[in-house]
Amino acid sequence: MQFSERIEKIPPYLFAELDRLKQEKIAQGVDVISLGIGDPDTPTAPFIVEAMKKAVEKSEHHVYPPYEGIKEFRQAVADFYERRYNVPDLNPKDEIIALLGSKEGIAHISLAVLDPGDLLLVPDPGYPVYSTGAVFAGAESYIMPLLPENRFLPDFGKIPSEVADRAKMMFLNYPNNPTAAVASMDFLKEAVAFAKKHNIIICSDNSYSEIFFDGYRPPSILEVEGAKDVAVEFFSLSKPYNMTGWRIASLVGNKDVVNALLTIKKNLDSGTFTAVQEAAAVALNHGDSFIEDMRKIYDRRMNKMIPTLQEMGIKVEKPKGSFYIWAPVPNGMTSIQFTRDLLERTGVIVTPGTGFGTHGEGFFRISLTQPDHRIDEAVERLAKTQVYA
Ligand SMILES: *Cc1c(COP(=O)(O)O)cnc(C)c1O
């Protein structure tokens, strides 16, 4: 058998070795606590589940959904953007489509925009699907390093102008996975100006916009005046409403880009189950207080974990958004060495920064998506670990 070159080009699964270590520990009887994966531990809100139960009974929902998504869902996204952000003018007709989760749209938008040999600007460390999408399209990725001295924002001034001119698309993601960094309106304005100057499409991945703390509220890039000329935004229901398993998100913004992805999708998939879209519309219209409760849960967990890490000698501040903590590894260890060492000593699994790209070296990520009693147990074990101070 022979397989495609693109399969060969997919980066190797860095966590295979960690998985093996984890299984080894479990076999030894160690109670392993995984703070590795960013998947909310609490269930989808009951009112959303109830809406789904009703929706699934309707036989008119059992046929193929419309490619662009049902009207109620697209209208609910528009209403959400008007209520939550200062974005009152999204047209559900041609500026909003439903996706099978953001991951699906992120992977496929490269097929809509990039030809073989084209250039994509990707943040590193970053969500791996950005560059995998480019691999599928036969395009190249140019890395924008996210460095602590720049508060994990790309430095557009460091991108050579011939690279900027060649680039057709760029991904941005704030609040950021994995660094938990946030972007100011000023930065987003700078990004839009840079994109306009060099004719680059901005894909803003806003997966964590609803998880924020201490009075901070992340903006949408579409709040920047004129952003819709160059930008689209991925807005996912996965993280705010604990709906990762439901597979529902939307792409909003520039109508030509939205239509280009829709064209790809019409030929690849047949949309998200209408009942899921109907329940998702209910979530968007009636979920504000549920998200508020979720923020309180993550805030509480942050307020337990951050001081513990600081007492361990790890130099980290509480982030303003996301349910991640991105921290430098202590004692000059590599990310992998630290991850292994911590697992060995405490049974706690964290993600090595290098899992998100080469510029993740020297860092590790903690995800606060385990039940409170497990977070407490992890905090207790970490607090007893004096070796890193
Ligand atoms: C979780 C996550 C996604 C994927 O979200 P889905 O809508 O569930 O596919 C996309 N981007 C980032 C940065 C994420 O962390």
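Which pairs break 32 Å Cα to Cα here: Lys25/Lys239; Lys54/Lys304; Lys266/Lys320? Check vs 32 Å cut-off fails for Lys54/Lys304; Lys266/Lys320. In order along segment 166-177, the Karplus-derived 3J(HN,Hα) couplings, from 6.51 cos²θ - 1.76 cosθ + 1.60 at θ = phi - 60°, round to 6, 5, 9, 7, 9, 9, 10, 8, 9, x, 8, 10 Hz, and Gly and Pro are given as x. Rounded to the nearest 500, the helix-only mean residue ellipticity at 222 nm of the chain stands at -12500 deg cm²/dmol, with each DSSP H run of n ≥ 4 adding -39,500 (n - 2.57).
Surface composition of segment 238-346: carbon plus sulfur atoms contribute 48% of the solvent-accessible area (1.4 Å probe, protein chains only, all chains present).
Considering only Tyr127, Tyr208, Tyr85, the mean-square fluctuation computed in a Gaussian network model of the chain, springs between alpha carbons under 10 angstrom, is largest for Tyr85. In straight Cα distance, which aspartates and glutamates are under 17 Å from Lys384, not counting same-chain residues fewer than 8 positions off? Those aspartates and glutamates meeting the cut-off are Asp31, Glu311, Asp341, Glu344, Asp376. Our note on the geometry: Cα centres of segment 19-74 and segment 311-335, 28 Å apart. Per the Debye formula on identical point scatterers at the alpha carbon atoms of segment 46-287, with no solvent, log10 I(q)/I(0) at q = 0.12, 0.18 Å⁻¹ is -0.64, -1.42.
Put His286, His108 in order of accessible area, highest first, and with a 1.4 Å probe you get His286, His108. Shown are Lys9, Lys304, whose ranking by accessible area with a 1.4 Å probe and every protein chain present, most to least, is Lys9, Lys304. Averaging the sequence gap over all C-alpha pairs within less than 8 Å and six or more residues apart, then dividing by the number of residues, gives the chain a relative contact order of 24 percent. Remark on Ile349: its backbone amide H falls under 5 Å from those of Ile33, Ser34, Leu35, a criterion applied only to residues 5 or more positions apart or on other chains, H modelled at 1.01 Å from N. Rounded to the nearest whole Hz, the Karplus-based 3J(HN,Hα) values (6.51 cos²θ - 1.76 cosθ + 1.60, θ = phi - 60°) of segment 111-127 follow the sequence 5, 7, 10, 9, 9, x, x, 5, 10, 10, 8, 10, x, 9, x, x, 5, with x at glycine and proline.
Out of the DSSP beta bridges found with both residues in the chain, what percent are antiparallel (nearest 5)?
Antiparallel bridges make up about 45 percent of those DSSP assigns within the chain.
Ordered from longest to shortest, the equivalent ellipsoid semi-axes for segment 125-216 are 22, 16, 12 Å, each the square root of 5 times a Cα gyration tensor eigenvalue.
For the chain, the solvent-accessible area works out to 44 Å² per residue, with a probe of 1.4 Å and every protein chain left in place.
For segment 191-270, count the residues as N, evaluate 2.2 N^0.38 Å, and divide the Cα radius of gyration by that value, please.
Relative to the 2.2 N^0.38 Å estimate, segment 191-270 comes out at 1.23.
Ignoring aspartates and glutamates fewer than eight residues from Lys158 along the same chain, the ones with Cα atoms less than 16 angstrom from its Cα are Asp124, Glu149, Glu190.
Hey, if you put +1 on the Cβ of every Lys and Arg and -1 on every Asp and Glu Cβ in the chain, which of Gly245, Gly133, Ile7 ends up farthest toward the positive end of that dipole? Highest projection toward the positive end goes to Gly245.
The values are calculated or read from the model by the stated rules, or taken from the named source; none is laboratory data. On a predicted model such as this, the values are computed, not experimentally measured, just so you know. Positions of Cβ are backbone-derived with ideal geometry, glycine not excepted, and every protein chain shown enters the neighbour counts. We work out accessible area using only protein heavy atoms, side chains counted, and drop any ligands, DNA or RNA first. Shrake-Rupley method; radii C 1.70, N 1.55, O 1.52, S 1.80 Å.
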